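Asker: The structure follows.
The values are calculated or read from the model by the stated rules, or taken from the named source; none is laboratory data. Values in this document were obtained by computation on a predicted structure and should not be read as measured data. Here Cβ is always computed from backbone atoms with ideal geometry, including for glycine, and neighbour counts include all displayed protein chains. The area values use the complete protein model at the heavy-atom level, side chains included, leaving out ligands, DNA and RNA. Shrake-Rupley method; radii C 1.70, N 1.55, O 1.52, S 1.80 Å.
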Amino acid sequence: MDSLGLRERKKRATRLALSAATIRLAVERGWANVTIEDIAAAANVSVRTFRNYFSSKAEAVAFRQLERMCQVAEELRARPPAEPLWTAITAAVAARFPLGHDMRGPESGAAEQRWVDGVRRMLAEPAVHTAILAVNAHAQRELAAAVAARTGTDAQRDLYPKLVAAAVGTAAAVAIEHSQAADPPLPAIPLLTDALAQIAAGLPEPTPRRKS
């Protein structure tokens, strides 16, 4: 059952539309070549509406990350109570993380490469990096609360739920960075589930690769 009322669902939809428009235009045109007026027009809203939801372009881009991680926390709360924690977290990520991972462009060819390069340049913008760090702190609090609810701990007083949330957030950041750095880019979801599996196993030391 959806815990949000109609008004909140409309607000979320507007935020998502503005975030998606910001990402698309920034990737296609370049960060410096996109104005708030451009974004508002692309999302079919007024500039005033944009400013009601976001204080900057960077904040609009970062909202995608916040929404994605809050969806993971919501899914974690809905997982069966008897399910082991890291199994539940991995399932929540697999179910909800792709919903926010929409920085994809054309499927192949030169257009795909231009899109990938545009995403990399956008994510390298200092303002975007700062905004994503800010929303990650909020997202980790949401995830810590969900972990605390499953484990019978206190998200404010206990270290454990905060550590788990921070580990999941770091795994997500590393998976996305690794995905975007590869040439061609790798799918982020398998990388993230692999990262979570390694964390759940206690990050065992890998077998050294043999030099050829």
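Asker: Between R12 and D158, what is the label-to-label distance in nm when each label sits 7 Å out along the Cα-to-Cβ direction?
Answerer: Rounded to a tenth, the inter-label distance reads 2.6 nm.
Asker: If packing is taken as the average count of other Cβ atoms within 10 Å, what order do 131-140, 17-26, 66-75 fall into, highest mean first?
Answerer: 17-26, 66-75, 131-140
Asker: Mind checking the dipole of the chain: about its Cα centre, +1 per Lys or Arg Cβ, -1 per Asp or Glu Cβ, Debye to the nearest 20?
Answerer: The calculation lands at about 300 debye.
Asker: With a 1.4 Å probe and every protein chain kept in, tell me what percent of the accessible surface of the chain is carbon plus sulfur.
Answerer: C and S atoms contribute 55 percent here.
Asker: Mind checking the per residue accessible area of the chain for me, 1.4 Å probe, whole number of Å²? Walk me through the intermediate numbers first.
Answerer: Values: 12230 Å² over 212 residues.
Normalised by residue count, the accessible surface of the chain is 58 Å².
Asker: Additional query: Please give the calculated 222 nm ellipticity per residue for the chain, where each DSSP H segment of at least 4 residues contributes -39500 (n - 2.57) and the sum is spread over every residue; nearest 500 deg cm²/dmol?
Answerer: About -24500 deg cm²/dmol.
Asker: When the chain is fully extended, how far beyond the present Cα-Cα distance does A110 get from R51, taking 0.36 nm per residue of separation?
Answerer: Length gained, A110 through R51: 17.8 nm.
Asker: Which whole-number percent is the relative contact order of the chain (Cα, under 8 Å, 6+ apart)?
Answerer: Once normalised by length, the contact order is 19 percent.
Asker: I would also like to ask the following. Using every Cα-Cα pair within the chain, state what percent have a distance larger than 25 Å.
Answerer: 44 percent
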